[in-house]
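Data first, discussion second: the structure below is written as structure tokens.
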Amino acid sequence: MSSIPVVTKNLIIINVLFWVASIVLPKVGVDLIPYLGLHYIGSDGFLLSQFITYMFMHDPMNIMHVLFNMFGVYMFGRILEQVWGPKRFLLFYMVTGIGAAIVQQIVWYIDIRPFLTAIDNYNISGDNSVLSHYLNIQQGVLYSTETMAQAKDMVLNSMITIGASGSVFGILLGFGMLFPNAPLYLMFIPVPIKAKYMVIGYGIIELFSGVSNFSGDNVAHFAHLGGMLFGYFLIRYWKKKGIGNGFFLG
């Protein structure tokens, strides 16, 4: 670990510690995810701090979630930190993670808006024909305002995302922009792939997966794209400010 740059090393340590805490603390009645995971901005569980804290939380039931993310931070993050320096790299990590959260909020809003509109229409007209597509209720049956409010809160509070994937995809994008022709290898594929094509390929896969919205897929694909998008604009901004191609950012 001594050879790993300081920010990369500490990010890995913090993420692993939070993951261990998310396993241990529920045994004494403390669940961190409802407080630190990113909630929909319109829910009762939302806190502004979650735009940062969510990226340090990972699925306590799936070690591969934290393992793959931290492997990505180690593989590519340490190189970016060596190139940019610790302060610039930490800024990049945080901006891409927050950017991913912003995109996720936008996607949630687009997805949930028809449901919220159906709730409002029901409260006004009593017609639940549209609302029955979202909730397990009978058409034509009247439900109290309190019941509808509880149903709305239940749906909104169930929307939570966790993980450093937005920052990791931002790091991958950054590596691809700085070292576009660096050869990378995928598991089970013995032929090297240039970093720029790897980044493009991952972006296309995430876009397709997000649009397709496969049943049972709970991965925040658009958040991954958000991390890449914010990473791209940040690097372009640095370059526009006369910092050059990114290899000397001070």
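Mind ordering 72-84, 94-106, 166-178, 55-67 by average Cβ neighbours within 10 Å, highest first?
In decreasing order of mean packing, 72-84, 94-106, 166-178, 55-67 become 166-178, 94-106, 72-84, 55-67.
The order of L90, L47, L156, going from fewest to most other C-beta atoms within 10 Å of their C-beta, is L47, L90, L156. Going from the residue with the fewest nearby Cβ atoms within 10 Å to the one with the most, L229, L17, L91 rank L17, L91, L229. One chain, two ends: I33 and V16. Fully extended at 0.36 nm per residue, the span grows by 4.7 nm beyond their Cα-Cα distance.
Placing a pseudo-label 7 Å from each Cα along the Cα-to-Cβ vector at K87 and E146 gives an inter-label distance of 5.7 nm.
Taking each residue as 0.36 nm, the span from D120 to Y197 lengthens on full extension beyond its C-alpha to C-alpha distance by 23.1 nm. Do any of K87/K240; K9/K194; K87/K241; K194/K240 go past 22 Å between their Cα atoms, and which? Beyond 22 Å: K9/K194; K194/K240.
No lab work stands behind these numbers, since they all come straight from the coordinates. From a predicted model like this one, the values you see are computed outputs, not experimental measurements. All Cβ positions, even for glycine, are placed from backbone atoms using ideal geometry, and neighbour counts span all protein chains on display.
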